[in-house]
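Have a look at the structure below, then the notes.
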Amino acid sequence: MYKRFFKRFFSFLFALISIIVLLPVFLILSFLVLIFIGKPIFFKQERTTINKKTFFIIKFRTMTNEKDSKGKLLPDDKRLTKFGHFLRTTSLDELPELLNIIKGDMAFIGPRPLPNSYIKFYKDVELTRFDVRGGLIPPDSVDRNAVISWDKQFEYEKEYAKNVTIIKDFKILIGVFRIIFQRNKTDYGSYVRLPLGVERKDMIKKED
């Protein structure tokens, strides 16, 4: 009952309240992104959620659109701005995802929605992550480390999808405050994780 109905209800309610309370912060950050990074204010990317449905996730931009002489975007670490670094470290770049929760694309808590191109790199046991809506706050928030491996992340998500309870969601919600503190200590804003497709590229070769 909680997984099918109440979780969606609470996610919608919390997101709506958060948007109302944080509206001044939202407007200030939008203005600062416009000043320090430029247009567009938001970063949108197609992601996958429950049942592998696709949607466009919304975040504040943290990087510029700078390109090299051949017209190709520069590496992420070259385009990340100082203000963008601040947004990532504090997780404020994810504030617009509250709109995704209102729309029903995401839940307040659940596996992090990842790019569609990652689907072919999941192991079969990891596909259970699509049994629940993707979330703003991930299950791995209970881990002691601010940065974890893909394998560890998917392990948390797999176990979460198997047994969604209000108690588990509460523990994850509490854990997010510790994670934000850890991110500030470990300079999380500068961290760029190796894409899953690069880390697991051998999986495609084996299939071929």
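The values are calculated or read from the model by the stated rules, or taken from the named source; none is laboratory data. What you see is a predicted model, and the numbers here were worked out from it, not measured in a lab. Glycine gets a Cβ as well: all are built from the backbone with ideal geometry, and neighbour counts include every protein chain shown. What goes into the accessible areas is simple: the full protein's heavy atoms, side chains included, and nothing from ligands, DNA or RNA. Shrake-Rupley method; radii C 1.70, N 1.55, O 1.52, S 1.80 Å.
A compact table of results
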read-out: Which labelled figure in [x] 0.99; [y] 0.96; [z] 1.02 is Rg/Rh (Cα atoms, Kirkwood Rh), once derived from the coordinates; value: [y]
read-out: Packing rank of 70-76, 194-200, where each peptide gets the mean count of other beta carbons within 10 Å, highest leading; value: 194-200, 70-76
read-out: Residue order for 106, 1 - accessible surface, 1.4 angstrom probe, largest first; value: 1, 106
read-out: Segment residue 36-residue 21, extension gain: residue separation times 0.36 nm, minus the distance between their alpha carbons; value: 2.9 nm
read-out: Antiparallel %, DSSP beta bridges [both residues in the chain], to 5; value: 75 percent
read-out: Charge context of residue 50, other residues only, Cβ under 10 angstrom, K/R +1, D/E -1; value: +2
read-out: 10 Å beta-carbon shell around residue 65, net charge (K/R +1, D/E -1); value: +3
read-out: Amide H within-cut-off set for residue 134, under 5 Å, with H built and near neighbours excluded; value: 50, 107
read-out: Heavy-atom accessible area per residue - the chain, 1.4 Å, Å²; value: 58 Å²
read-out: Above-threshold pairs, the threshold being 19 Å between Cα atoms, out of 7/123; 53/120; 67/120; 44/70; 52/123; 59/201; value: 7/123; 67/120; 44/70; 59/201
